[in-house]
Amino acid sequence: MLELSNIDAGYGGFQALFGVSMTVKAGEAVAVIGANGAGKTTLLRVISGLLPATAGTMTMEGVSLRATPPHKIISTGIAHVPEGRRLFPRLSVENNLKIGAFIPAARQKFAERLAFVYELFPRLKERRAQLAGTLSGGEQQMCAIARALMSGPKLVLLDEPSMGLAPVIVAQVFDLVRRIRGEGYTVLIVEQNVRQVLRIADRAYLLEVGRLKASGSAAELAASDEIRKAYMGI
Amino acid sequence: MFTDLILRSPPQAGVSKDGRERNASMDCQLDIFFLEAVLNGLLLAGLLALLALGLNLIFGVIDVVWICYAELVMVGMYGIYYAHKGGAPFILAAVIGIVLVAAAGIVLHQLVIRPVLDSAPINQLLVTGGVLFFLQAAATMAFGIDFRNVGIRLGSFNAFDMSFSYSRIITFGVALAAMLLLWLFLSRSYIGIAIRAIAQDRQIMPLMGVDQRRIYMITSAIGGGLAGLAASLMVLQFDIYPQIGLQFGPLIFMICVLGGLGNMLGGFIAAFIISEFIAVGGSCFATEWGYAIAFLFFMVVIFIRPQGLFGGKS
Ligand SMILES: Nc1ncnc2c1ncn2[C@@H]1O[C@H](COP(=O)(O)OP(=O)(O)OP(=O)(O)O)[C@@H](O)[C@H]1O
Ligand SMILES: [Mg+2]
C-alpha cells in the first residue's frame, strides 16, 4: 500500500532522514520505534506532505506522493494524527470532526461516518458540543483519531498517541488503536512506548538518528536483546 | 468630522419638530434628547460593527492587518457612485460595489499580502499602509477632490419628538443582517469552519485537506465584500471624497483593538460601547467631545488591559 524508497528529508541545512525505505501492506499495523530525535515525527510529516522529501520516491497505492500537493495527500487515503493531537481548541468536538471531513468525497458521507465514530467512541458523542480544548488528554486523543477517521482513510498515521497520558489512559489508547485496526484500517504508528506498541503491531522498524537500523516482525524485535536493552529497559 | 456627519441628521439641528429650543449649554439630562442620542448611538454602532468585523476577520484568519481597510470602503463608494450615475439602479450599483471591493480584496491579498505573509508584522503594516496612501492618491488623481453624493434622500422617521433618518435605520438593519449571515456561514459551512480552524492552527490544515491559499483568498474576498457592503450603506449618508477613509479608519482600528484584535464578537460589542460614547458624549457636550471621550476611554482601557476588553482571537 505505502512504499518508501531511499527517502531523504530535513529542516533547512539539517538532514533528519537518510535513505529511508519501508513498506506498509494493506491491513497491517506497522510500528516505527526510536529514541527522542530519531526522526520518527519527521518521517510521518514527510509521508503526509507537511515536510517535502528532498530525495527518494514515495507511493501510496501506486500514486506518487512527492508529486501530490500536501492538501491532496489525504485524498489518496492517508490520514495523519499528528504529534500532540493538535485539535482545534476553540472549535467544538463536532466541528473538529467536521473539519476532518473537509474533502469533497468525505462531505457526502459525513452523517454516516459521524454515526460510526460516535459508536466507536461514545464519550465523544456525550461531549460533542464541548470545546475540544477543554477535553481531558485521553478524550483529546480519541477526538484526534476520530477526526482522522472522518476523511475515510485507508492508512492511519499515528504519532505517539500515548504521549503525555497517565499509564491507565495509555493502556486505553493502545486499546483504541487495536480497535481501529479491527475495523480494517491499516496503521502506521510511531511510539516511544516500545513494549506496548510491539504488542499491537505486526511488524516494526527501528529508526536511529535518521536511519533505519533494524526491521522485522514485532515479536522478533521484542525478543532482540539489543532492543530490549536500549528501549525496554531490560 | 465623521461623527459630525453621523450625528447631525438634516431635519433637526438643535430645534426639534415642535420648536422646543434645545438647551444650548448641553447639560446632560435624562430627557428625550438623551434617549435620542442613545438610540442614534445604537444605529451608528451597526455600521461600525460591520466595518470592524471585516478587519477582525482578516486579522483573525490571515494574521495581517489591512491598514488600508477604510480606503477599500472609499473605493467602493466611488464605484457605487459612478455605477449609479451611469444609470444603474441603486441596488444594482450596491451589488457592483460589493463585487468590486471583494475583487479588490483578492487582488490586495495576491499582490501585496502574499509576498509578506512570513515577514515581520512591521513590514506587513508598512505595505498595507503604502496601499492606503496609494489608493488615496490614485482616487484624488482619478476623481478630484470634489465632494460627491449619490443624491438619494430617504427622509427620516419621527416619533415622540425624536427623529431618526431612514438611511441610518436601513444601515443598522442591513449591517446586522449581514453579520448574522456571516456568523451562520462561519458556524455551519465547511469553508466557514475551516476559516475558523485556520486561525487556530495553520500548520496542520493540509492534513485536513484544506488548501490554505484558497481559504486566504476566500477570506480576503469576504473581507472586501464586507467593506463593499459598508460602502453601499455609507453612500446613503455621507459625501464621497478621496480622504474620507481618514475620518473613520482610526475609529475602526480603535474598536478592533478595544474588543481584542481578531476577536469578532469582542469587536461587535466594542462598536456599541464606542458608539454610545460618541453619541451620548456628543449630545451632552459637543460632537468633537464625544469623539475625544471615546478615545480617552480607549486609552485608559488599553493601559489596563493591553489585550483589549475581550482578549485575543476567538
Ligand atoms: N522544525 C524543525 N526545525 C529544525 N529541526 C527540527 C525540526 N523538527 C525536528 N527537527 C530535528 O529533526 C530531528 C528529528 O526530529 P523528530 O521530531 O522527527 O524526532 P522524533 O523521533 O519524533 O522525536 P520525539 O520522540 O522526541 O518526538 C531532531 O534532531 C530534531 O531536532
Ligand atoms: Mg516525535
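Distance between the pseudo-spin-label points of B:Val99 and A:Glu119 (7 Å out from Cα toward the beta carbon): 4.8 nm.
This model, with +1 at the C-beta of Lys and Arg and -1 at the C-beta of Asp and Glu, gives the stretch A:2-231 a dipole about its Cα centre of some 540 debye. Binning the C-alpha pair distances of chain B at 10 Å intervals from 0 yields a P(r) profile of 6, 26, 34, 23, 8, 2, 0 %, listed from the shortest bin outward. Evaluated with a Cβ-only charge set (Lys, Arg +1; Asp, Glu -1), the stretch B:99-193 carries a dipole of roughly 160 debye about its Cα centre, given to the nearest 20. Between the Cα long axis of helix B:287-304 and the first principal axis of chain B there is an angle of about 40°, rounded to the nearest 10. When only alpha carbons are used to place a centre, the stretch A:173-212 and the stretch B:212-228 end up 42 Å from one another. Between B:Pro250, B:Pro242, B:Pro89, the Gaussian network model of chain B with springs among Cα atoms under 10 angstrom shows the greatest mean-square fluctuation at B:Pro89. Our helix-only sum for chain A, with -39,500 (n - 2.57) per DSSP H run of n ≥ 4 divided by its residues, gives a mean residue ellipticity at 222 nm of -10000 deg cm²/dmol. Of the chymotrypsin sites (Phe, Trp or Tyr not before Pro) in the stretch B:233-272, not one is in a loop by DSSP (not H, G, I, E or B) with at most 13 other beta carbons within 10 Å. Where is the GNM fluctuation largest for chain A (alpha-carbon springs, 10 angstrom cutoff): A:Met60, A:Met142, A:Met150? Most flexible of the set in this elastic network: A:Met60.
Take every DSSP beta bridge whose two residues both sit in chain A; close to 55 percent of them are antiparallel. Identify which of A:Pro52, A:Pro70, A:Pro104 has the largest mean-square fluctuation in a Gaussian network model of chain A, with springs joining Cα atoms closer than 10 Å. Of the options given, A:Pro104 has the highest mean-square fluctuation.
Reported to the nearest whole Å, the Cα centre-to-centre distance from the stretch B:85-118 to the stretch A:129-150 is 39.
Read the figures in this text as sums done on the coordinates, not as results from a lab. None of the values given here were measured: they were computed from a predicted structure. Neighbour counts run over all protein chains shown; Cβ positions are idealised from the backbone, glycine included.
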